[in-house]
Amino acid sequence: MAGQGPHPRRQAARPDRARAAGGAGDDVAVKTRSAAVIGAGFGGLALAIRLQSAGVDTVLIEARDKPGGRAYHWERDGFVFDAGPTVITDPAALAELWALTGRDMAADVTLEPISPFYRLSWPDGTSFDYSNDDAKLTAEIAKLDPIDVAGYAKFLDYAAGVYQEGYVKLGHSAFLDFASMVKAAPALAKHQAWRSVYSMVSHFVRHPKLREALSFHTLLVGGNPMTTSAIYALIHKLERDGGVWFAKGGTNRLVAAMVSQFERLGGTLRLGDPVDAIETLGDRATAVSCKSGWRREVDAVASNADVMHSYRDLLRHSGSARRKVPRLRAKRWSPSLFVVHFGVKGTWPGIPHHSILFGPRYKGLLTDIFDTGVLSEDFSLYLHHPTVTDPSMAPEGHSTFYALAPVPHLGKLPVNWGEIGPVMEKRILDEVGRRLIPDIHDRIVTCFSYAPTHFAHDLNAHLGSAFSLEPILTQSAYFRVHNRDDHIPNLYFVGAGTHPGAGIPGVVASAKATAKLMLEDFG
């Protein structure tokens, strides 16, 4: 895994950020505001870009040797492996980070559309290609049940409504007090937010496999389709309108592009030096200090680190922060993941970029993962096959894959993953072999796994959770960690643990909400 020791800092020459205090011709300098952003994942990078583009002297501090957070990557034996996330949606929200300064994202990274978005398959051989091509999608639905074609159209109307209310109107807004939640309540009630995604899908379509096909998306943000608020049906509309995309070279190239944009604006990226503490004095955050001994005083601090790690560890000297820890510990945390990365001999043009390999159970498996903490004999897999789109991510004549299985977090399944991991890895590869690549074990060139314990160690993720707080209604919007702390007014949060939640669009939206707060507070 990635090293944690000090690493040479990356620092770009910063332009003079002094601004005139008065009108034209007034040369009285104003003190440049400064900020520290902890964690160079998508949320931290997006926030740092927004702050730096607004003239805030920003340092972005990352514990690992590479930026990306959960979007880390490895290069092994000529193969490039993205850790995830690998499904890119709402590219316009990303492009906005360049447009802030009149630049074009396409100059730094190439995004390519993926179709089908996913191929869904079941153990009985049924397959379903999910896309935003109306004719093809209608045919796929009719193949399962012709009556559900009309039901799907009604579901799409519903998804459009919650997308407008839950993402367009509320996704970029901070919920800092209960009044803001009350204001949003009528829209939430209108769209029956108390119901689950699966319940709402089932209201519109009747075929069991189509219900799975239209509800599994919440798993991509750490939610159980059986309990996650129906508001998250907005993901379907988000994909329909904006498409599903791939960054040429891998998600890591999108991360690198964001770093380039941040550094050309004059921002400083500090790698390989974990933050040890957010220092406070009274009700103010005053500085950040790292394990290497490096320290910087700043006007504001924003954390993209795990929210439990932030409050319990980084803010351990703050009384108000310590009082929040028991409440955070009592919340419901999303599950973890077990991911098998493998590079193989051969190419498979018939295996699409994204596949969902459903197991024999749906609701029962979800209960095992989210509630009872059972590591089931069966599982469902998300299979990522980027070389079908970009062969350069593997040696010629080879392919890069990863297979991801949701598993209970360490609080529900406190097992020795050093012992269980190899067994789980073989079972997952056996399943991929049984359903797609019969001689997979003979073809493997390189292979390694990433377990819940790695999420806990490398990312300081509480209980090894892969997506922070579970996105249920009572942990959404105002009920998530606030974008600005209630007691330390120059301490902010960004990323999966705050509003609106996990996933690239979610954390990029949180950065927009948090940046707005910070810039307003700077005045």
Quick one: which strands (runs of 3 or more DSSP E) sit completely within the range 49-105 and have at least 1 residues that are among the aromatic types (F, W, Y), at pLDDT 95 or above and surrounded by fewer than 21 Cβ atoms within 10 Å (Cβ to Cβ)? 73-76
Go through the range 406-426 and give me each residue that's assigned to a helix (DSSP H, G or I), within 23 Å of S121 (Cα to Cα), of a type outside the set (A, V, I, L, M) and in contact (Cβ under 8 Å) with a residue 24 or more places away in the chain. E425
Are there helices (runs of 4 or more DSSP H) fully within the range 134-218 with at least 2 residues that are touching a strand residue (DSSP E or B) at 6+ places or on another chain (Cβ under 8 Å), more than 25 Å from P406 (Cα to Cα) and modelled with pLDDT of 80 or more? List them. 134-144
Pairs, please: C-beta under 6 Å, at least 6 apart or cross-chain, first residue in contact (Cβ under 8 Å) with a residue 24 or more places away in the chain and in the range 141-170, second among the hydroxyl-bearing types (S, T, Y) and surrounded by 16 or more Cβ atoms within 10 Å (Cβ to Cβ)? I141/Y152
Looking only at residues in the range 304-327 that are more than 24 Å from V507 (Cα to Cα) and small (G, A, S), which one is surrounded by the most Cβ atoms within 10 Å (Cβ to Cβ)? S318
Output the number of residues of the range 436-493 satisfying the condition of being of a type in the set (K, R) and assigned by TED's automatic domain parsing to the domain that holds V275. 2
Picking from G272, G267, G282, which residue would you name as being touching an Asp or Glu at 6+ places or on another chain (Cβ under 7 Å) and assigned by TED's automatic domain parsing to the domain that holds R64? G272
Would you mention how many residues in the range 32-48 are modelled with pLDDT of 95 or more and of a type in the set (V, I, T)? 2
If you go through the range 145-160 one residue at a time, do you hit one that is touching a Leu at 6+ places or on another chain (Cβ under 9 Å) and more than 22 Å from P208 (Cα to Cα)? yes
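The values are calculated or read from the model by the stated rules, or taken from the named source; none is laboratory data. These figures come from a predicted structure and were not determined experimentally. Every residue, glycine among them, receives a Cβ derived from its backbone with ideal geometry; neighbour counts consider all protein chains shown.
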